[in-house]
1. Being in contact (Cβ under 8 Å) with a residue 24 or more places away in the chain, part of a loop (DSSP other than H, G, I, E, B) and hydroxyl-bearing (Ser, Thr, Tyr) is the filter here; which residues of the stretch 160-204 pass it?
2. For the stretch 47-158, which fully contained strands (runs of 3 or more DSSP E) count at least 3 residues that are more than 17 Å from the chain's Cα centre (by Cα) and either surrounded by 19 or more Cβ atoms within 10 Å (Cβ to Cβ) or on the phi < 0 side of the Ramachandran plot (or both)?
3. Is there any pair with a first residue in the stretch 105-127 that is touching a residue at least 60 places away in the same chain (Cβ under 8 Å) and within 19 Å of residue 55 (Cα to Cα) and a second that is of a type in the set (Gly, Ala, Ser) and part of a helix (DSSP H, G or I) whose Cβ atoms are under 7 Å apart and which are 6 or more apart or on different chains, and what are they?
4. Please list, ordered by first then second residue, the pairs with beta carbon atoms under 8 Å, 6 or more apart or interchain, first in the stretch 210-237 and in contact (Cβ under 8 Å) with a residue 40 or more places away in the chain and outside any loop (DSSP other than H, G, I, E, B), second aromatic (Phe, Trp, Tyr) and surrounded by 17 or more Cβ atoms within 10 Å (Cβ to Cβ).
5. Going through the stretch 198-252 one residue at a time, which ones are among the β-branched types (Val, Ile, Thr) and within 24 Å of residue 151 (Cβ to Cβ)?
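Here, each number is a calculation from the coordinates, and none is a lab measurement. Here the structure is a predicted model, which means the values were calculated and not measured. Glycine gets a Cβ as well: all are built from the backbone with ideal geometry, and neighbour counts include every protein chain shown.
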Amino acid sequence: MPDARHVGRNAANVTYDPRALVIKRPLFWLSLPLLLPQGLWVKRTALRMPPAAGANSGVVGNGPTRRLLLVGDSIIAGVGVEQLADALPGQLARALAQRHQCRVEWHAHGDNGASCADLLRQLPEIPAIRADWILVSVGVNDVTRLTTARAWRQRLTALLTALTIHSPQAQVLLAGVPPMQRFPALPSPLRQAFGWRAARLDRVGQQVAAEIENVHHLATPVPDDPTAFASDGYHPNALACAQWARVIAEGT
């Protein structure tokens, strides 16, 4: 969720040494009893923002027609932005149209709060269009719901495989699980613990993407800057979505 002012300076995704993640894995589970009260407090007091208003599909640009399908959680639902056209779906469509000099028909299937298991159950609801690009945003809710790495791997593999079958010619873009230690809404030490867990699931996501043809993992850059977030301190604002969209488009 980068702010345009930070590109090239501090908008790069935070990474953890894989060896450190192995050490922190048991520490995460052992710390849960201590983190539970803080987690419940966040759940009770966090600002709840609605999905973005506006149509969940649209057309932008001029030239040969290409199709963009977006599938995922609150990011695809546009939470934190007033209009879906100004959230990641609409912004990415414009960025792709500009980069590829084409007309982009976009369709968004976003479910606020969805985990990978939820998206698997919703596969029959996904628009039956033959997409050229499919963006997948999932993982944050698997972190907060304490999905195990094994279950995450199995479900993510099933989801991405199903999407490659849905549109065999599509370039499937998996947005990396963001570094949650940079989410202003999360207090410390919960922020650090979720950051460790997000890095663990993201590493699994990279491995899964590498194993499936036409699937590409794209790290999600989150600047260490609260102004890149919506008022809930958890989702990117419109400016951050615009810059994030350009980063994704550059990877196509």
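1. 167
2. Ranges flagged: 57-60, 65-72, 103-110.
3. 112/74; 112/77
4. Pairs found: 229/183; 236/229; 236/244.
5. Correct list: 204, 208, 212, 215, 220.
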